[in-house]
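**Q** Dropping the structure in here first, questions after.
What follows draws every value from the coordinates through simple rules; no lab data is involved. Please read all numbers here as calculations on a predicted model, not as lab measurements. Every residue, glycine as well, gets a Cβ built from its backbone with ideal geometry; the counts of neighbours run over all protein chains shown.
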Amino acid sequence: MKKKLKRGFTLVELMIVVAIVGVLAALAIYGVRKYIANAKTAEARNSLGQISKDAGSAYAREGMAGAVLGLGSVADISNKLCDQASATVPAAAASIKGQKYQSSPAEWAADAATLHKGFACLKFTMTDPQYYMYSYDSNGLGDTTAWFNAVANGDLNGDGTLSTFILAGKVQAGTSGGLEVTVAPNITESSPEE
């Protein structure tokens, strides 16, 4: 009776336990990597959403000619999208290759000297370090042919392959007869975890 109570684990039982622990560890590592990648891509999604809101706000601002009007004259009010940004922030993909980049306010204000252009027109800036480089492309018009694309490119794993996030918008005729900026209901993603 005493010999049965002092009996330990067999080698097979220990190997089964080790195998189960190994499988659980592999699943946990995969889950954590997926969670971290999703957390990093949230930066791009949030920033593109903000850029699209800023594009709508910029379109809603009224623009008029800067010339002095003659007495009894009128000036047309015009609404238009911001022209495309002259550069991406940061300027090169090597700056975000598997790392974060701290942009300077001057990079976001590069087009400030030109009225209705780029990130300065959008009044968009980032103060925190970023995983992605951002660009804004637009034809800068105000009619129903006007469109914009907000783009974020990143290289989270540093392998040189860029992930791409694009949020598109355009000006359409509204239900009340006026024009309004509409945005795509979803962000187009290509290789989001790269």
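**Q** Just rank W147, W108, fewest to most, by other beta-carbon atoms within 10 angstrom. Write down the numbers at each step before the final one.
**A** Values: W147 16, W108 21.
Neighbour counts put them in this order, fewest first: W147, W108.
**Q** Once the Cα atoms of helix 11-60 and of the chain are each reduced to a long axis, what angle between those two axes, in degrees from 0 to 90 to the nearest 10, is obtained?
**A** It works out to around 10 degrees.
**Q** Ok, one more. In square nanometres, what is one fourth of the surface area of the convex hull spanned by the alpha carbons of segment 1-109?
**A** Numbers: hull surface 57.4 nm².
Here the figure is 14.3 nm², rounded to one decimal.
**Q** In addition: For n ≥ 4 DSSP H runs only, could you compute -39500 (n - 2.57) per run for the chain, divide by its residues and tell me the 222 nm figure to the nearest 500? Write out the running numbers ahead of the final one.
**A** On the way: 4 runs with 63 residues, N = 194.
Roughly -10500 deg cm²/dmol at 222 nm, from the helical runs in the chain.
**Q** Compare K97, K170, K34 in a GNM of the chain, Cα atoms joined below 10 Å, and give the one with the largest fluctuation.
**A** It is K34.
**Q** Candidates [x] 17.0; [y] 18.3; [z] 20.1; which is the computed Kirkwood radius over Cα pairs in Å?
**A** [z]
**Q** Which whole-number percent is the relative contact order of segment 1-145 (Cα, under 8 Å, 6+ apart)? Display every interim value, and only then the final one.
**A** Numbers: 154 pairs, mean separation 35.1, N = 145.
Computed over segment 1-145, the figure is 24 percent.
**Q** While we're here: At 0.36 nm per residue, and after removing the present C-alpha to C-alpha distance, how many nm does the segment from I36 to E13 gain when stretched out fully?
**A** Numbers: separation 23, 0.36 × 23 = 8.28 nm, distance 3.49 nm.
Stretched fully, the I36-E13 segment lengthens by 4.8 nm.
**Q** Further, regarding this structure: Between their Cα atoms, which of K123/K170; K117/K170; K97/K123; K53/K97 are more than 23 Å away from each other? Intermediate values should be presented prior to the final figure.
**A** Working: K123/K170 19 Å; K117/K170 17 Å; K97/K123 26 Å; K53/K97 28 Å.
Listed pairs above 23 Å: K97/K123; K53/K97.
**Q** Starting from the Cα-Cα distance between L71 and K97, subtract it from 0.36 nm times their residue separation and give me the gain in nm to one decimal. It would help to have the intermediate numbers written out before the result.
**A** Values: separation 26, 0.36 × 26 = 9.36 nm, distance 5.87 nm.
Length difference between fully extended and current span is 3.5 nm.
**Q** Here's a follow-up. Using just the Cα positions, wrap segment 108-194 in a convex hull and report its mean projected area in square nanometres, one decimal place. Before the final figure, lay out each step's value.
**A** Values: hull surface 28.6 nm².
The orientation-averaged projected area of the Cα hull of segment 108-194 comes to 7.2 nm².
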